[in-house]
1. Are any residues in the stretch 23-40 under 17 Å from W89 (Cβ atoms) and either among the charged types (D, E, K, R) or not in a loop (DSSP other than H, G, I, E, B) (or both), and if so, which ones?
2. Take the residues in the stretch 51-77 that are over 12 Å from the mean Cα position of the chain (by Cα) and at negative phi, then tell me which one is least open to solvent (accessible area, probe 1.4 Å).
3. If the requirement is being open to solvent by 50 Å² or more (accessible area, probe 1.4 Å), part of a helix (DSSP H, G or I) and not β-branched (V, I, T), which of these qualifies: R91, R20, R43?
4. Can you name every residue in the stretch 106-120 that is small (G, A, S) and in contact with a strand residue (DSSP E or B) (Cβ under 8 Å, 6 or more places away or on another chain)?
5. With R68, R43, R95 as the choices, which residue is charged (D, E, K, R), touching a residue at least 12 places away in the same chain (Cβ under 8 Å) and in contact with a His (Cβ under 8 Å, 6 or more places away or on another chain)?
6. Restricting the search to the stretch 94-106, which residues are part of a strand (DSSP E or B) and under 24 Å from L125 (Cβ atoms)?
7. Would you check which residues across the stretch 121-142 are touching a strand residue (DSSP E or B) at 6+ places or on another chain (Cβ under 9 Å) and of a type in the set (D, E, K, R) and list them?
8. Exactly one of (1) part of a helix (DSSP H, G or I); (2) in contact with a helix residue (DSSP H, G or I) (Cβ under 8 Å, 6 or more places away or on another chain); (3) of a type in the set (A, V, I, L, M, F, W, C) is unmet by V74. Its number?
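The values are calculated or read from the model by the stated rules, or taken from the named source; none is laboratory data. For clarity, every value in this text was computed on a predicted model and none was experimentally measured. Cβ placement follows ideal geometry from the backbone for every residue including glycine, while neighbour counts extend to all protein chains displayed. Areas reflect the complete protein model, heavy atoms only, side chains present, ligands, DNA and RNA absent. Shrake-Rupley method; radii C 1.70, N 1.55, O 1.52, S 1.80 Å.
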Amino acid sequence: MSQPPPAFEAPTAAERIFNRAFGLLVGLGLGLRHNYLLQVRGRTTGRIFSMPVNVLELNGKRWLVAGRGRTQWVRNAEVAGEVILRKGWRRQRVRIRPVPDSEKPEILSAYLDRFKLTVQRYFPLRAGSPPAECAQIAGRYPVCELHP
């Protein structure tokens, strides 16, 4: 018997406004090294959707983690098989590989440690938690490996 897909945490009105404003800034080329504007084609509308994301670099690879769970951008990206990462005039089309739960603990632990100020509230574990503890929650957080 298969389990239902993990739920996601919808942003509040204030978070939607902040994400839109921050996404605009990142789209203009501002933000930290790990901030990108993710663009993905909607799976039913075909429309392009954009949202700011943190790209984790770990062990020579790049990762996207959906801290809010299986959000619309995750579902759209899974169907499309690719996303565009944008910062200023630079646009990089990347293929995604959904990561199985067994590979997620080290990635989730690193993501939570690196971006704790902005993502801690979405995780039941504290930053600094070892990967073994992250294994217990791996199914709730989609992770994608990025390939050029």
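1. Matches in the stretch 23-40: G23, L24, L25, V26, G27, R33, N35, Y36, L37, L38, Q39.
2. Step by step, filter the stretch 51-77, then rank; the result is N76.
3. None of the others qualify; the one that does is R20.
4. A110
5. Of R68, R43, R95, the one residue that is charged (D, E, K, R), touching a residue at least 12 places away in the same chain (Cβ under 8 Å) and in contact with a His (Cβ under 8 Å, 6 or more places away or on another chain) is R95.
6. Of everything in the stretch 94-106, just one residue is part of a strand (DSSP E or B) and under 24 Å from L125 (Cβ atoms), namely P98.
7. Passing the criteria: only R140.
8. Single failed check for V74: (2).
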